[in-house]
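K.L.:
After the structure tokens below, expect a handful of questions from me.
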């Protein structure tokens, strides 16, 4: 359960997979004969099968998974210190409001995705679903205290419940594995 928790909580936004790659590499080194990273950043672990005398050649098994996940890229900090962002991957803006995020910059800081308060919205704005460009990340800092970085979605309920060993995570399928047997 500790490994699953670590994998779920380690950031790995597309294009910035270094942290999750390091975690997976360390785990693969414990159970494989060879681990390498190709020019595209793919992490490859090889476990050599042992051929038993008088038996047919062992089956080859490939387990493939992607380690990146959807997230956001901070595009600018507005005059009030709110982070404006662009998606890295597909999101439905309706699901983002009030979600907790971690902003990865010089240091990691927590924030929450917000939008214009309903009492300030015009009648016309209230009828339309929110757009990404209308959302912001509030990290509770003034503009001059904020450094730009990458914001990765961390859902409030994306955690491991140690008591009953259950995993609660809506974006859990983003770090899944597929298996092929030859």
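FYI, it's all coordinate maths here, none of it is from the lab. Source: prediction; values computed, not measured. Here the Cβ positions follow ideal geometry from the backbone for every residue, glycine too, while neighbour counts run over all protein chains shown.
K.L.:
Each label point is 7 Å from the Cα along the Cα-to-Cβ direction; what then is the distance between the points at residue 141 and residue 23, in nm?
P.N.:
For residue 141 paired with residue 23, the spin-label model returns 2.3 nm.
K.L.:
If R0 is 41 Å, what FRET efficiency do you get for residue 33 and residue 9 from their C-beta distance, rounded to 0.05? Could the numbers behind the result be given before it?
P.N.:
On the way: r = 29 Å, r/R0 = 0.70.
E(calc), rounded to 0.05, equals 0.90.
K.L.:
Set the Förster radius R0 to 30 Å, insert the Cβ-Cβ distance between residue 106 and residue 65 as r into 1/(1 + (r/R0)^6), and round the FRET efficiency to 0.05.
P.N.:
Details: r = 30 Å, r/R0 = 1.00.
The pair residue 106/residue 65 has a calculated efficiency of 0.50.
K.L.:
Which of rounded, prolate or oblate describes segment 1-112 when judged by the alpha-carbon gyration tensor and an a/c cut-off of 1.5?
P.N.:
Values: a/c = 3.06, a/b = 2.91, b/c = 1.05.
Note, shape of segment 1-112 comes out prolate.
K.L.:
Using the Kirkwood radius over Cα pairs, work out the Stokes-Einstein diffusion coefficient for segment 71-153 at 20 °C and 1.002 mPa s, in µm²/s as a whole number.
P.N.:
Value of D from the Cα-based Kirkwood radius: 165 µm²/s.
K.L.:
Give me 62, 67 ranked fewest to most by other Cβ atoms within 10 Å of their Cβ, as a rough exposure proxy. All intermediate terms of the calculation are to be shown ahead of the outcome.
P.N.:
On the way: 62 9, 67 20.
Listing 62, 67 from fewest to most nearby Cβ atoms yields 62, 67.
K.L.:
Give me the distance in nm between label points sitting 7 Å out from Cα along the Cα-to-Cβ direction at residue 52 and residue 131, one decimal.
P.N.:
Distance between label points: 6.4 nm.
K.L.:
If you find the alpha carbon centre of segment 1-26 and of segment 38-90, how far apart are they in angstrom?
P.N.:
Taking the Cα centre of segment 38-90 as reference, the centre of segment 1-26 is 9 Å away.
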